[in-house]
Amino acid sequence: MDQENHDKRLIRCLIVFIAVWLVLLTAIPSIFYTVLPLDTLETIMWSHPFSMGNAKHPPLAAWLAGAFTVAFAHTDFAMYLLSQLLMVVGFFYIYRLGKEFFSTEKAVFSVILLSTIIFYTFDSAKFNVNLPHMALWPMMTFHCCRAVKHDRMADWILFGVASALSVLSKFFGFALLLALFLFILTGRETRKYFRRPGPYAAFAVFLLVLAPYIVWLVRNGFPPFTYIADRVSEEHLNPAVNFLRVLGESLYPLAMPLLLLWITMDRPVRSLLGFRLRDLRPSDPVAARLAVCVQFTPIALLTLLAGMGMKIDLMWEYPVHFITGFFLMAFWKDGISFREFKKLFCVLMALFLIVQAADLFYWFTKTRSRGHFAAREFAAAARDFYREQTGRDIPLVFGDMWYAGCVMQYLPEHPFAGSFEDPYDEFRFRSVLDREGALGVFHEDDIELLADALKLNADELKKDARVFAFSFKAPFGKTKTLEISFAVIPPRKAGREASQVQIRTRE
């Protein structure tokens, strides 16, 4: 009975932690930020109109963004809430994964230690294609472990569904599939499942869920793979330096939670002087093998790509570290007392609140275009310019990705939006461009990019463009100004027909 009450107290602490997390990380950006991040706007653009795919990534993130945007009437709150709901789902499955191997204390620590990782605090509000992995990777790992532990067909099927959804969010989902395959393959007690129907049922479900997207890829010429190939060919980085950079970025998130564990739950001087490698014993060998496979296989893939000269964005590593708390608990001592638990819990909560306070302080004092830009004023100016020139509402806004996304998100009409940075958008909106034209939004230096993307004459666009200046500032920061050009892009079909009429007349 005492153990039961002890576990309930621990779970209440976890619920408090998750509730504070959900409220603060949804409320702070919803209340204070004036514009959505670039990646969030791009993801919404892919969903408007609905599409089975885009030129960069699979469509799941866009589907989620589109559904929440419509359900919450295009408010920014919808995207911040979606991000944190995905985080909370991930926390739930990390806790359940921990309970498969550890005590309640260790299962709870597997979750709350993630608050020391900057990806989970500062960046988790910025919805992008990596955020669904924050929920799906823990879900995949949990159902894989349940499947090999109990050999239930339901878990194999759910593992297949979660794996397919992960790949539908981003192709990097294959990295975790490889890690879990290695986990099953390297265990004598788990290899036997390759002789049973479970893994093959999971694979069949995986293919079934992915089938519509595979058909779309075939019909459209595999545009994401063209994008990836073009990006790789354009990047020429020093392989050694790039390798070391990515390796350091991948491993440093382990340092802070390990340091906190060591300081708050151990006697640092004694443990340092008396430490021997042979004393390091995992509490559960299967959990340790799982943690090593899942923690380091994606990191190995990223560092391998970096060593080949490919540029690796830091945000790609967000989902990799969902297993960090579990990894540390797999090698940490058993028998954590409630006094030790409370001490570390209070330290982690304090650090989490300090990080949020620092983020707010930064917002109040440092003017940032992606945090303070007057997006609604800008969108209204774009609408007024287009109406003045054409007498109509904007059917499509095309140009710089962030500015086009701002017009789409913050006008009540929510016009379609495309970007010259996305090679698929001209094809996606070809009929609108031919019949109705568009509003062009761009920096003056980018007019050639816009003209090339739409196969137009840059001089003609520049002649009719008008430059507007938009100022914004943090409450206690300096005023910044952005100069943005607007231009009316006439219907291309009408232009071609007019040219044909002139030719016939001359003849």
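Each value in this text was obtained by applying a stated rule to the coordinates, not by laboratory testing. Please read all numbers here as calculations on a predicted model, not as lab measurements. Please note: Cβ atoms are built from the backbone with ideal geometry, for glycine as well, and neighbour counts cover all protein chains shown.
So what is the relative contact order of region 2-365, in percent, for Cα pairs below 8 Å that sit 6 or more residues apart?
23
Among DSSP beta bridges lying fully in region 370-506, give the percent that are antiparallel, nearest 5. The partial results should precede the final answer.
Details: 13 of 20 bridges.
Within region 370-506, antiparallel bridges account for around 65 percent of the total.
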Report the one residue of Cys406, Pro395, Val488 whose Cα lies farthest in the direction of the positive end of the charge dipole of region 387-490 (charges on C-beta: Lys and Arg +1, Asp and Glu -1; origin at the Cα centre). Cys406
Cβ density ranking, 10 Å radius, fewest first, applied to Val246, Val89 yields Val89, Val246
Row for region 5-91, column shape: gyration tensor on C-alpha, a ≥ b ≥ c, rounded if a/c < 1.5 i.e. under 1.5, prolate if a/b over b/c, else oblate; value prolate
At most 16 other Cβ atoms within 10 Å and a DSSP loop assignment: could you name the trypsin sites (Lys or Arg not before Pro) in region 429-463 that fit? Lys455
Taking a temperature of 20 °C and a viscosity of 1.002 mPa s, what whole-number D in µm²/s does Stokes-Einstein yield for region 177-218 with Rh from Kirkwood over alpha carbon pairs? 183
Could you tell me which of rounded, prolate or oblate describes region 3-156, using a ≥ b ≥ c as the square roots of the eigenvalues of the alpha-carbon gyration tensor, with rounded for a/c under 1.5 and, failing that, prolate when a/b is larger than b/c and oblate otherwise? oblate
So what's the back-of-envelope 222 nm ellipticity for the chain, counting only DSSP H runs of four-plus at -39500 (n - 2.57) apiece and dividing by all residues, rounded to 500? -21000 deg cm²/dmol
³J(HN,Hα) computed for each position of region 466-483 - Karplus, 6.51 cos²θ - 1.76 cosθ + 1.60, integer Hz, glycine/proline x: 10, 9, 10, 10, 10, 9, 7, 7, 6, x, 10, x, 7, 6, 10, 10, 10, 9
Positive dipole terminus of region 323-399, leading residue within Ile336, Ala379, Phe326 (C-beta point charges): Ile336
Whole-number D in µm²/s for region 339-394 (Stokes-Einstein; Kirkwood sum over Cα pairs; 20 °C, 1.002 mPa s): 142
Excluding residues fewer than 8 positions from Lys478 in its own chain, the lysines with Cα under 22 Å of it are Lys366
Could you give each residue of region 216-222 its phi-based ³J(HN,Hα) in whole Hz, using Karplus coefficients 6.51, -1.76, 1.60 with θ = phi - 60°, and x for Gly or Pro? 4, 4, 4, 5, 9, x, 6
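List the trypsin sites (Lys or Arg not before Pro) within region 126-164 that DSSP assigns to loop and that have no more than 16 neighbouring Cβ atoms inside 10 Å. Please list the in-between numbers first.
Working: sites: Lys126, Arg146, Lys149, Arg152; in loops: Lys126, Arg152.
Answer in residue order: Arg152.
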Among Pro224, Val209, Leu38, which residue has its Cα positioned farthest towards the positive end of the charge dipole of the chain, with +1 placed on the Cβ of Lys and Arg, -1 on the Cβ of Asp and Glu, and the dipole taken about the Cα centre? Val209
Please list, in chain and number order, the residues 5+ apart from Ala438 or on another chain whose amide H is under 5 Å from its amide H, with Hs placed from the backbone. Ile489
Cα-based Rg then Dmax for the chain, in Å, read 25.9, 98
How far, in degrees from 0 to 90, does helix 153-169 lean away from the longest principal axis of the Cα atoms of the chain, to the nearest 10? 40
Restricted to the chain, the DSSP antiparallel beta bridge percent, nearest 5, is 65
Which entries of Lys126/Lys473; Lys126/Lys493; Lys99/Lys342; Lys99/Lys343 show an alpha-carbon separation above 28 angstrom in the structure shown? Lys126/Lys493
For Gly399, what residues show an amide H to amide H distance below 5 Å, using hydrogens built from the backbone and excluding near sequence neighbours? Gly418, Ser419, Phe420, Val441
Can you give me the long-range amide H partners of Ile117? Hydrogens built in the peptide plane at 1.01 Å from N, cutoff under 5 Å, separation of 5 or more residues or another chain. none
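About its Cα centre, how strong a charge dipole does region 106-221 have in debye, to the nearest 20, once Lys and Arg get +1 and Asp and Glu get -1 at the Cβ?
Working: 12 positive and 4 negative charges, 68 e Å.
In total the dipole reaches around 320 debye.
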Which ³J(HN,Hα) values, rounded to whole Hz and listed in residue order, are derived for region 344-360 from phi using the Karplus coefficients 6.51, -1.76 and 1.60 in 6.51 cos²θ - 1.76 cosθ + 1.60 with θ = phi - 60°, glycine and proline given as x? 5, 4, 5, 5, 5, 5, 4, 4, 4, 5, 5, 4, 5, 5, 5, 4, 5
In debye, nearest 20: dipole of region 365-438 around its Cα centre with unit charges on the Cβ of K, R (+) and D, E (-)? 300
Using alpha-carbon positions, the gyration tensor of region 384-498 gives root eigenvalues a ≥ b ≥ c; with a/c under 1.5 called rounded, otherwise prolate if a/b exceeds b/c, else oblate, the class is prolate
Rounded to the nearest 20 debye, what is the charge dipole size of the chain about its Cα centre when +1 sits on each Lys and Arg Cβ and -1 on each Asp and Glu Cβ? 1700
